[in-house]
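The values are calculated or read from the model by the stated rules, or taken from the named source; none is laboratory data. Remember, predicted model here, so these are calculated numbers, not experimental data. Here the Cβ is made from the backbone with ideal geometry for all residues, glycine too, and neighbour counts use every protein chain on show.
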Amino acid sequence: MVIKINLLATIQISNYAFFDFLPKHRKGKEGVIINIASIAGLYPFHMFPDYSASKHGVVAYTQALGANAHYQHTQVKVMALCPGGTDTEIWTGMQEYYKQFINDIEFTYQPVEIIGESFIKVLKEGNNGSIWIIKNSEPVFEFDYKSETLPIITKQIF
Ligand SMILES: NC(=O)C1=CN([C@@H]2O[C@H](COP(=O)(O)OP(=O)(O)OC[C@H]3O[C@@H](n4cnc5c(N)ncnc54)[C@H](O)[C@@H]3O)[C@@H](O)[C@H]2O)C=CC1
Ligand SMILES: CCCCC/C=C\C=C\C(=O)C/C=C\C/C=C\CCCC(=O)O
């Protein structure tokens, strides 16, 4: 279920925006899609494995559709936000088995307002394909995936 909602629905809606809605209806010269992933999409989290897998998918999809090879054809930027623990209703839906691990970890939920403020900053300043972290109420910053994961493949397959 979590894969269907978090990953498949994100892919379906983004594809619709990218290939259909934005080409037909956008007014400016550029379109922007910002997907909501999670820091659990950058590092595997043992407290929510299915969720973490779904968010890794959102990050990979965003980086692939956000390759400049696409932008040259479409002028649509695709980016993702990766929030850390944020004070919302989502935490009430955690599966019972995994709840026991929450108490072992020290963390404070950041207020939800910081996500909105960060969204605006990324919308205005973010480059195509960029992935942004919002954690511990710190200012949003770009994830340096080139130094942390394999580079995105556009020319060479190995
Ligand atoms: N709260 C957190 O700590 C974090 C949340 N996120 C992500 O932020 C996004 C928003 O989550 P929150 O606001 O925290 O959760 P939330 O549980 O407060 O809100 C989720 C919303 O999605 C709606 N929803 C759920 N299933 C749906 C479906 N099948 N069709 C249509 N709507 C559906 C719910 O009705 C609810 O309004 C999610 O993608 C979540 O994974 C990412 C990182 C951290
Ligand atoms: C104990 C948690 C410590 C750190 C939390 C930091 C980041 C969390 C990021 C998230 O994206 C987590 C958000 C929600 C988790 C709650 C429920 C997940 C539901 C999982 C499922 O349905 O499989």
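Taking the stretch 58-103 as the region of interest, how many residues are more than 8 Å from ligand 2 (Cβ to nearest atom), in a loop (DSSP other than H, G, I, E, B) and at pLDDT below 95?
Qualifying residue count, the stretch 58-103: 1.
Pairs under 7 Å by beta carbon, first residue in contact (Cβ under 8 Å) with a residue 60 or more places away in the chain in the stretch 1-28, partner part of a helix (DSSP H, G or I) and hydroxyl-bearing (Ser, Thr, Tyr), six or more apart or different chains?
Qualifying pairs under 7 Å: Phe18/Thr74.
Which of the residues belonging to the stretch 13-62 are of a type in the set (S, T, N, Q) and within 14 Å of ligand 1 (Cβ to nearest atom)?
Ser14, Asn35, Ser38, Ser52, Ser54, Thr62
Every residue in the stretch 68-118 that is within 11 Å of ligand 1 (Cβ to nearest atom) and in contact (Cβ under 8 Å) with a residue 60 or more places away in the chain, please.
Cys82
Hey, any hits in the stretch 42-57 for a residue that's of a type outside the set (Ser, Thr, Tyr), within 16 Å of ligand 2 (Cβ to nearest atom), exposed (fewer than 15 other Cβ atoms within 10 Å of the Cβ) and within 16 Å of Ile133 (Cβ to Cβ)?
Yes - at least one qualifying residue is present in the stretch 42-57.
Being small (Gly, Ala, Ser) and surrounded by 20 or more Cβ atoms within 10 Å (Cβ to Cβ) is the filter; apply it to the stretch 58-85 and report the residue that is farthest from Asp20 (Cα to Cα).
Among those residues, the one meeting the criterion is Ala80.
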